[in-house]
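For reference, the structure discussed in these notes is given below.
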Amino acid sequence: MKWTAALLVLLACAVMPARLTAQDTGRITGVVTDAQSNAPVPAVSVSLDGTTRGVVTGPDGRYTLTGVSAGTHSVRATRVGYATAERTVTVPAGGTATLDLQIGSSVLQLDEIVAVGYGTARRQDLTGSVASVNVEAVRDIPVVSVDQLLQGTAPGVQVSTASSAPGGGISIRVRGGTSISEGVSNEPLYVIDGFPIEVDYAADAAGSGGRASGITVAPNPLTSLNPRDIESIQVLKDASATAIYGSRAANGVVLITTRQGVAGAPRFNFEAFTGIQNVAHRYDLLNGPEYAQFANEWAASQEIEPLFADPTNVASTDWQDRIFRQAPMQSYQLSVTGGTSGNNATRYAVSAGYFNQDGVVLGSAFDRMSLRLNLDQQVGSRLRIGSNLTGSRVATQFAPTDGAVGGSDQSAVAAALQYLPTLPVRRPDGSYSNMLDDAPQEITGAITLQDIQNPVAVLANMKDNLGDDRILGNSFAEYTLTEGLTLRSTFGANISQRSRDTYWPRETLRGEQTNGQAVRARTESNSFLNENTLNFNRMFGQDHLVNAVVGFSRQVQHTTRTSILNENFINDILGYNDINAGNRSGGPLVTSGEERTALQSYLGRLNYNLLGRYIFTATGRYDGSSRFGPQRRWGFFPSGAFAWRASEESFLRDNEQVNDLKFRVAYGATGNAGVRPYQSLATLDPRNGSFGGTIVTGYRPGSLANEELGWETTRQFDAGMDLGLWDNLATLTVDYYNRSTTDLLLQVQLPLETGFREAFQNAGEVRNRGWEVALGLNPVRGDGQTTARWSNNLIYSRNRNKVIDLGPVDVLRVRGISANFNFPGTDIRVGYPIGVFYGYQTQGLFRDSAEAANYPAKLPTRSFKAGESRVLDLNGDSLINELDRTVIGDPNPEYNVGWNSNVAWRGFELSTLVSGSIGADVLNLNLIRLDGGTPTTNVTRDRFYGRWTPENPDAKYPAIGVTSGSIGSNYVDTMLEDGSFVRLANVTLSYNVPSRWIRQRGLRETRLYVSGNNLHTWTKYSGYNPDVSSMGVGNVNRGVDVGAYPLSRTITLGVNVGY
């Protein structure tokens, strides 16, 4: 009934006659066109300066302002990506004035039009915190997925690289992480042309290729969207901006709008680039002779004969050189846009793209074909229909990187770092070398080598092919019931089919152990959406502007999964293509599953603008989700906000320095429903058993029911300021936020007598507090052609994360981070940030035997020796054991920064993007062996030459023969490194060929450019990339480096041609 009442109130307001003063008012009409092409520009905000009166141009670029008082007025036209155009016009009483406007491309403005949930708004009228990504400024960066465009471009948005492999996972955090348990998403909601997409790496993936779950990074599901099709990206951050998306908005919302057609003759555009990639940084490891010297020194420490008679006469293989390569990449895109004008205007945008990238690691590659059609049709003066449709096919070749230091799940990169440099890739007979079999007898007789697989053999022969076919479409019909009142209905679908086909041949450790192993997996997912909204936008008199939307939404999703695993093949010739040829003991392992979910919602937002300076917003969404128990299935998520445009007050309106000053405050609640389906239900698991010698299948209880299971709720306070000085010569946005997430979806451990290990419950609290600053400086504001233009955008964000409560416990233990060493996972601990590192703390080395002997604490089985790390006895019991562990590091950064600069003059344009993250720690598990003291594997050159000796008592590293990095199954702080970095992410130099040179060839524009990506990283981190999280994208076990795929440096050459 409350929604019916609200609808009746809106209808009544719509038909109420506005106050008319026909004798004193007139109107302004005209067309807004592009300054370069003269084509009409739709969706331009046209307003009277100093008032709240404004309209948006239609598909033909036309606008009409009614009820304008007689006299001279200043009219402004603004649109995202364009400079503001402003002209004066005189309106006769009771008459019409014609005013045509032209707008040209420029940097982002405070009064641009931005996308918000279920509508658009002028930035100056926003009450919430919304960050815009200048897509044009980063258009030449060769990225695979759209989420990579957020790196260093939006304050409050942290982008972490889970894997640098082509198509690898990317982790996004908007104002910090809130959820703790595995299987509960911390990723933002993506809304692509109005279609909401929840990113769930585990659920979207088609299996793990046979590798242990949780130790590798799933492919990025957003790679199916072509970044070059995108027109705008808005990031909604606070409750006022996100509450319209209710139960899926706690982690922020990313609104993506693809390119639309414009009225005018067909405009063809061809874009192409080609590039070369190289590994940006490598470990500095010992070569063959140096390793031989290291082995001999170790032998001396053990008082045995040298292992190499002549270390200088030893062969050497650089295993990094053998698995890394110079890799090409290329991209081609052809698009056409155009349309007609008038009451039956048609606008269209069609594009076809192809992107191919070979990885810098052997055996890795990414290939995408995409096709997009956006159509908008005006039918008469009231009805508008349209659709946004994209289809894509993605093929990815994954190399087995990340995951583990050793064993059958070993990363090939980790293997290359550890493999003995004295061994060749192949034996004289052409077969691949094996470290256990081919190491010199002197080595194998003196020490037990690690079982490290030949990395070249693995990468050259193992097959891991992924496919993703996706169709994403959203159609709409919009009908204007009366002036200011519009009904809109949308129907959308997201249909995807993913596959993963993997074969481990005998050249790999897994294949050797199983005589070949094949895995084929399929995931099919269909999501359907229907939304109906009623939008009201009307001015009452000169001082009251009301904008409102109410609506109903229903989205359903159906997912099926199948997988088959077989092994013990006669040979490796057919691989997974003849999976039935295997002879696995007990038969092939076949699994399947099905999931269905539904979300039904009622939503509304009311925005009231008084006098152009007092702006009120109230938002609410009522969601019902099938994921939760019947007692907690429905939830209401409200928010309220107020903004004061002080620059419109009389004491500032004529100020020549301050052209915009707005203060904002907002508070509201959003939810997180990102948990896997059926967690609130009691489930049954199939099990096989033997009865009378016969194998039979039955079911046993799999989980307990929890009818009270419900959403996580995030309540957020936000206070902000927007400032524009000297006609936006300088702009400043500052935000402070305080977010508290309660009723966490926690996997709570259960008493053993229940028969279950754990179950999901709502308990606990996590808090995030922080500051965000965005500074825009435009010191030189020419047109970039005859006069110079220079614009800068700088961002700073600082977040403090803290676990406030964990329900019945103070500490949660999560999945371990290394099966090879049984290391525990990161800690979830009350009073600390999520996912801190917990282990032993050290304080330098024992300089000599006397210092070691005088240390009061001892190891469990012996005393310390000279040249060993001094492990602190924190509890003072004179015994080093697990009671001495403490928090030793934090993977969460202190703050993030970014700088984007653009300089243009006489057709030349130089763009620079710098991003940085300061204060995060990285647990570099590669060092457990690379900093080892025994020659069971190779080590870093720094470890060997910086070792402790009696002559070098102040060394950085322990003595040869001393194990470092761990005590038992726990790591020490020497494995932690400072992950702070500042990166020159991109530099692009482009040249726009003068039109007089190309016009005679029928071309509209031609642009040439050269671009460098990841050119340099300033960091103290010794690994491939300090921005790493090779254990996945969740909130636990972040900032861990285990054989991670290396970052690549890319140089590209490109051309854009318009006809």
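Since every read-out is calculated from the coordinates, none of them should be taken as a lab result. Keep in mind that this is a model prediction, so the values were computed, not measured. Using ideal geometry, Cβ is built from the backbone for each residue, glycine included, and neighbour counts are taken over all protein chains shown.
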- Message: Given Cβ point charges of +1 (Lys, Arg) and -1 (Asp, Glu) and nothing else, what value in debye, to the nearest 20, does the dipole of region 476-613 about its Cα centre take?
- Response: 300 debye
- Note on the structure: Those chymotrypsin sites (Phe, Trp or Tyr not before Pro) from region 638-679 that are DSSP loop and have at most 13 other Cβ neighbours within 10 Å turn out to be PHE651
- Per-residue HN-Hα couplings for region 762-778, Karplus 6.51 cos²θ - 1.76 cosθ + 1.60 at θ = phi - 60°, whole Hz, x for Gly and Pro? 8, 7, x, 8, 10, 10, 10, 10, x, 10, 9, 9, 10, 10, x, 10, 10
- Task: Evaluate the charge dipole of region 256-327 about its Cα centre and quote only its size in Debye, nearest 20, assuming +1 on the Cβ of each Lys and Arg and -1 on the Cβ of each Asp and Glu.
- Result: 1000 debye
- Considering every Cα-Cα pair within region 223-301, what fraction, in whole percent, is farther apart than 22 Å? 66 percent
- Taking square-rooted eigenvalues a ≥ b ≥ c of the alpha carbon gyration tensor, is region 838-916 rounded, prolate or oblate, where a/c under 1.5 means rounded and, failing that, a/b exceeding b/c means prolate? prolate
- Task: Compute the whole-percent fraction of alpha carbon pairs in region 61-204 spaced more than 21 Å apart.
- Result: 60 percent
- Output the Cα-based Rg and Dmax of region 385-473 in Å, rounding Rg to one decimal and Dmax to a whole number. 20.4, 79
- For all pairs of alpha-carbon atoms in region 448-587, what percent lies in each bin of width 5 Å, listed from the first bin to the last filled one? 2, 8, 12, 11, 9, 8, 7, 6, 6, 5, 5, 5, 5, 4, 3, 2, 0, 0
- What FRET efficiency comes out for the pair ASN655/SER995, r = Cβ-Cβ distance, R0 = 35 Å, nearest 0.05? 0.30
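Arranged from highest to lowest average of other beta-carbon atoms within 10 Å per residue, in what order do the peptides 411-421, 237-247 appear?
Descending mean neighbour count gives 237-247, 411-421.
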- Find how many whole Å separate the alpha carbon centroid of region 351-366 from the alpha carbon centroid of region 904-943. 24 Å
- Vicinal HN-Hα couplings computed from phi for region 864-881 (Karplus, 6.51 cos²θ - 1.76 cosθ + 1.60; Hz; Gly/Pro x): 6, 10, 4, x, 9, 6, 7, 8, 7, 8, 6, 8, x, 9, 6, 9, 7, 8
- Message: Ratio of alpha-carbon Rg to the 2.2 N^0.38 Å globular estimate for region 641-714, to two decimals, please.
- Response: 2.65
- Where labels lie 7 Å past Cα in the beta-carbon direction, separation of SER431 and ARG554 in nm: 6.5 nm
- Run the quick spin-label model on VAL665 and THR90: label points 7 Å from Cα toward the beta carbon, then report their separation in nm to one decimal. 4.6 nm
- Query: Relative to the Cα centre, what is the charge dipole magnitude of region 755-882, using +1 at the beta carbon of each Lys and Arg, -1 at the beta carbon of each Asp and Glu, and rounding to the nearest 20 debye?
  - Reply: 320 debye
- Length gain on complete extension for the stretch SER585 to GLN326, per 0.36 nm per residue less the alpha carbon to alpha carbon distance? 89.0 nm
- Pick out, from ALA121, ASN986, PRO860, the residue whose Cα sits farthest towards the positive end of the charge dipole of the chain, with +1 on the Cβ of Lys and Arg and -1 on the Cβ of Asp and Glu. ALA121
- Message: Once the cut-off is 22 Å, how many percent of the Cα-Cα pairs in region 716-853 end up in the long-distance tail?
- Response: 65 percent
- Given charges at Cβ of Lys, Arg, Asp, Glu: the chain dipole, positive-most of ILE918, PRO779, LEU48: LEU48
- Query: Going through region 652-740, which GluC sites (Glu not before Pro) have at most 16 other Cβ atoms within 10 Å and a DSSP loop state?
  - Reply: GLU656, GLU707, GLU708
- Task: Taking a cut-off of 23 Å between Cα atoms, list the lysines near LYS865, but don't count ones fewer than 8 places away on the same chain.
- Result: LYS956
- Item | the chain: antiparallel DSSP beta bridges as a percent of all, rounded to 5 | 95 percent
- Förster radius 30 Å - calculated FRET efficiency between GLN441 and ASN571 (Cβ-Cβ, nearest 0.05): 0.40
- 222 nm [θ] for the chain, helices only, -39500 (n - 2.57) per DSSP H run of 4+, per residue, to 500? -2000 deg cm²/dmol
- What is the spin-label model distance, in nm, from SER878 to PHE636 if the labels are put 7 Å beyond Cα along the C-beta direction? 6.6 nm
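Length gain on complete extension for the stretch PHE540 to ASN526, per 0.36 nm per residue less the alpha carbon to alpha carbon distance?
Details: separation 14, 0.36 × 14 = 5.04 nm, distance 4.47 nm.
Contour length minus the Cα-Cα distance gives 0.6 nm.
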- Using the Cα atoms as the points, what is the convex hull volume per residue of the chain in Å³? 197 Å³
- For SER489 and ARG1004, what does the FRET efficiency come to when R0 = 41 Å and r is the distance between their Cβ atoms, rounded to the nearest 0.05? 0.65
- Calculate, in nm to one decimal, what SER626 and TRP644 gain on full extension: separation in residues at 0.36 nm each, minus their alpha carbon distance. 2.4 nm
- Task: For helix 288-301, report the angle its Cα long axis makes with the longest principal axis of the Cα atoms of the chain; keep it between 0 and 90° and round to the nearest 10°.
- Result: 50 degrees
- Message: Could you tell me how many cubic angstrom of Cα convex hull volume region 243-393 has per residue?
- Response: 194 Å³
- Task: Largest first and in whole Å, give the semi-axes of region 811-968's equivalent ellipsoid, each being the square root of 5 times a Cα gyration tensor eigenvalue.
- Result: 38, 23, 15
